[in-house]
Amino acid sequence: MKKKSLISWTDFTWNPWRGCSKVSAACKFCYMFRYYNRLGIDPKIVTKQEGNMNYPLSLKKGEKIFTCSMSDFFHEGADEWRNEAWEVIKKTPHHTYLILTKRPERIKECLPEDWCRENYAHVWLGVTVESQNEVHRIKTLGEVKCEIKWVSFEPLLGDIQLGKEELEIIQWAVYVFKLNWTFAKRVFS
Ligand code: SF4
């Protein structure tokens, strides 16, 4: 029996593969790199975790599942296995899949052939925006048809100003609580 996640905004994490490569300033703080380096495992090698692939099928109750907390779901190194993961996702509409990426430019080419809101309304696609430089990811996300689009502002590396256009794209956001409230109100009000 796997334990519930310690991440406040999800119930479980699911890692059908692990490993990644750094693409963004936020990657400097990547806990996956720290974790596998400590274990003497190369975090740059993207590896399928065969035993984890069907894990969501074992959860009978609907759960929020943060998908690929130890990789990036849209990393090119996982192209070979992603359709298997989509199959599992499709078979488990009672869950909500929280998929977060720093590679939104790859989302469209990596979606399953039958992607549409009706089939995958339980998939929430999100992007990390750690600084003003990465706000453009929200617009790229906006090009994808998806039930819920979201942003993670973790780790927050500087002030971020979102315009009306970006705010109209996203429905949900997660951010560090030490964020000053004046700033938060400005962004989300
Ligand atoms: S994209 Fe995510 S998993 Fe990949 S190196 Fe950056 S922080 Fe780590």
Two pseudo-spin positions, 7 Å from Cα along C-beta at Lys22 and at Ser8, lie apart in nanometres by 2.8 nm
Packing rank of 58-66, 150-158, where each peptide gets the mean count of other beta carbons within 10 Å, highest leading: 150-158, 58-66
When N is the residue count of the chain, what does its C-alpha Rg come to as a fraction of 2.2 N^0.38 Å? 1.01
Value at 222 nm in deg cm²/dmol, rounded to 500, when DSSP H runs of n ≥ 4 in the chain each add -39,500 (n - 2.57): -6000 deg cm²/dmol
May I ask which residue of Ile169, Leu59, Val127 lies farthest towards the positive end of the charge dipole of the chain, with charges of +1 (Lys, Arg) and -1 (Asp, Glu) on Cβ and the Cα centre as origin? Leu59
Suppose every Lys and Arg Cβ carries +1 and every Asp and Glu Cβ carries -1, with no other charges. What dipole size does region 12-188 come out with about its Cα centre, to the nearest 20 debye? 600 debye
Based on the Cβ-Cβ distance of Glu118 and Ser58, what FRET efficiency does E = 1/(1 + (r/R0)^6) give at R0 = 22 Å, to the nearest 0.05? 0.30
Taking every DSSP beta bridge with both residues inside region 12-188, roughly what % is antiparallel (nearest 5)? 10 percent
Whole-Å distance linking the alpha carbon centroid of region 150-165 with that of region 4-52 is 22 Å
In the structure shown, do any of Lys61/Lys139; Lys4/Lys48; Lys44/Lys91 have a Cα-Cα gap over 27 Å, and if so which? Lys61/Lys139; Lys44/Lys91
Which whole-number percent gives the relative contact order of region 12-188, counting Cα pairs below 8 Å spaced six or more residues apart? 18 percent
Placed amide H near Lys64: partners under 5 Å, 5+ positions off or other chain: Asp11, Phe12, Thr96
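How much FRET efficiency would the formula 1/(1 + (r/R0)^6) give for Val144 and Ile41, where r is the Cβ-Cβ distance and R0 is 30 Å, rounded to 0.05?
Working: r = 32 Å, r/R0 = 1.08.
Using R0 = 30 Å, I get an efficiency of 0.40.
Rule-based calculations on the coordinates, nothing more; no lab input. All of these numbers come straight from a predicted model, not from anything done at the bench. Note: ideal-geometry Cβ built from the backbone for every residue, glycine included; neighbour counts use all protein chains shown.
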